[in-house]
Amino acid sequence: MRDEKIDRYINSFYCLADGLFIQRFYYDQERYSTKIKDAWNIFWLGIKKE
């Protein structure tokens, strides 16, 4: 992972998780699963070390 303070990772992950939690109430399971996969892939691309 990139060299960042752990609090930055924790805060950004919680924002991602909070947003996905809310979306669970708006979408069916199939669409929600796609959203989780897409959100995680983009999140990971942003924090992984290149």
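Out of all the residues in the stretch 30-43, which are among the aromatic types (Phe, Trp, Tyr) and either assigned to a loop (DSSP other than H, G, I, E, B) or open to solvent by 100 Å² or more (accessible area, probe 1.4 Å) (or both)?
Within the stretch 30-43, Trp40 is the sole residue that qualifies.
Inspect all residues belonging to the stretch 13-29 and state whether any of them is on the phi < 0 side of the Ramachandran plot, modelled with pLDDT of 95 or more, aromatic (Phe, Trp, Tyr) and in contact with a Ser or Thr (Cβ under 8 Å, 6 or more places away or on another chain).
No, because not a single residue in the stretch 13-29 is on the phi < 0 side of the Ramachandran plot, modelled with pLDDT of 95 or more, aromatic (Phe, Trp, Tyr) and in contact with a Ser or Thr (Cβ under 8 Å, 6 or more places away or on another chain).
Within the stretch 5-47, count every residue that is more than 13 Å from the chain's Cα centre (by Cα) and touching a residue at least 40 places away in the same chain (Cβ under 8 Å).
The qualifying residues number 0.
Looking only at residues in the stretch 1-29 that are of a type in the set (D, E, K, R) and part of a helix (DSSP H, G or I), which one is farthest from Asn41 (Cα to Cα)?
Selected residue: Asp7.
The values are calculated or read from the model by the stated rules, or taken from the named source; none is laboratory data. Not measured: the values here are computed from a predicted model. Cβ: placed from backbone, ideal geometry, glycine included. Neighbour counts: every protein chain shown. Just so you know, the surface numbers come from the protein's heavy atoms only, side chains and all, with ligands and any DNA or RNA stripped out. Shrake-Rupley method; radii C 1.70, N 1.55, O 1.52, S 1.80 Å.
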